[in-house]
Structure formats: C-alpha cells, structure tokens
1. Quick check: is even one residue across region 112-122 under 20 Å from the mean Cα position of the chain (by Cα) and exposed (fewer than 13 other Cβ atoms within 10 Å of the Cβ)?
2. Kindly indicate the residue of region 73-89 that is without any contact (Cβ under 8 Å) to a residue 60 or more places away in the chain and surrounded by 13 or more Cβ atoms within 10 Å (Cβ to Cβ) and also farthest from residue 63 (Cα to Cα) among those meeting that condition.
3. Do the conditions hold for residue 133, that is, is it touching a helix residue (DSSP H, G or I) at 6+ places or on another chain (Cβ under 9 Å), modelled with pLDDT of 90 or more and part of a loop (DSSP other than H, G, I, E, B)?
4. Scan (1) assigned to a helix (DSSP H, G or I); (2) surrounded by fewer than 16 Cβ atoms within 10 Å (Cβ to Cβ); (3) at pLDDT 90 or above for the single condition residue 156 breaks and write down its number.
5. Are any residues in region 82-92 in contact with a helix residue (DSSP H, G or I) (Cβ under 7 Å, 6 or more places away or on another chain) and at pLDDT 90 or above, and if so, which ones?
C-alpha cells in the first residue's frame, strides 16, 4: 500500500477538462439548465455584441464601425447576398471613401461577379481610387476567411453604423453651434444638418 501511495503522489495530475489546450485560463461557459432552449443567433448577438463580427485579421485594430462597413461591403460583393445587402446599405452609412466607391461600382454593375467588379475597379480612370479600392478588395478577401455572412449579423452592422452616423451629425452640429459667430454658409449647414437629423429620426421611428 505504501508503494501504491508513493506512486500516485509521483504521477502528474491530469489537467482539468475546462482548461485551454495549453493548460491556461479556463474557458468561460454559459451555465446549463435542464430544459433550457438553445440560444438563438439574435440572442447570441445581443449577448456577445462584437464577437460575431470579423476582426479584420492582423492588419491593425479596426473600429467596430470599420468592421461593420467591411462586412456589409463583403456581402454586397457576394452575388448570393447582394440584393439583401444593397437593401440594407444606405449610402451615407459607409464613411470609408474606398468602400463607398466599391459600393457605387457594385450598384452600377448589376449581376457582375466579384472578379468582374475587380476588373472594373482596376481599370477605373481615377488611378488613386483604383489603387486604394483594389487594396481594400484584397483585405476583404482576407476577411472572408474569418466567418460566414449571416443576415442577422448584417442587420446588426447596419444598426451600429446608423448610431455612428447620427453621432457624427450631432458632433458637427455641436461644433458649429459652439462658434461665437456663424457665416452664411455655416448657417446653411446648420439648417441642413437639423433637417437631416430630423428626417433620420423620423425614418428610424417608422422602421422600428
């Protein structure tokens, strides 16, 4: 018995099954309750927030808005998702110039596939735009390896971009109104932003 006890003390303890493969921090797991229904994708999106939206690879940190823009444009490039994506995307939601240009080409290209769209962009008369858009297309190709395109995630991306757009309008208004005096063009811009913000809020109320 003494020999058996000594042998057990010398044997390495088995790793806890809840630890990571390298023996590091334990995985976080949602508590299970018998009879609990499986979590829907919408519920998972609400709980995890940004976790289901591709990270953008290793090209540096992307903001949540940038990731959302990229995923929507990826969907627009994909013929199987194009009609749904184009219905979701409002032009002023996309703030990155190269992505706005790609979106315009997609809207004008009808049923062209991604390779045809690439050729259209590559031969664009604006060489600076063509170079930047082709670089962006390459990055979107890398993004496509990070996960599938799902309609609930696209809708979540649109919500995020609408919040960002409305905040940009409010910030510009605040900056203009903080000035001691406004030029005529500034006053016109203030009126334009006020009208735009009211129209957007009315549109959101109708669609909610």
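The values are calculated or read from the model by the stated rules, or taken from the named source; none is laboratory data. This one's a predicted model, so the numbers in the text were calculated from it and none came from an experiment. Glycine gets a Cβ as well: all are built from the backbone with ideal geometry, and neighbour counts include every protein chain shown.
1. Checked region 112-122: no residue is under 20 Å from the mean Cα position of the chain (by Cα) and exposed (fewer than 13 other Cβ atoms within 10 Å of the Cβ).
2. Going through the qualifying residues, I end up with 82.
3. Criteria not met by residue 133.
4. Residue 156 satisfies every listed condition except (2).
5. 82, 84, 85, 86, 88, 89
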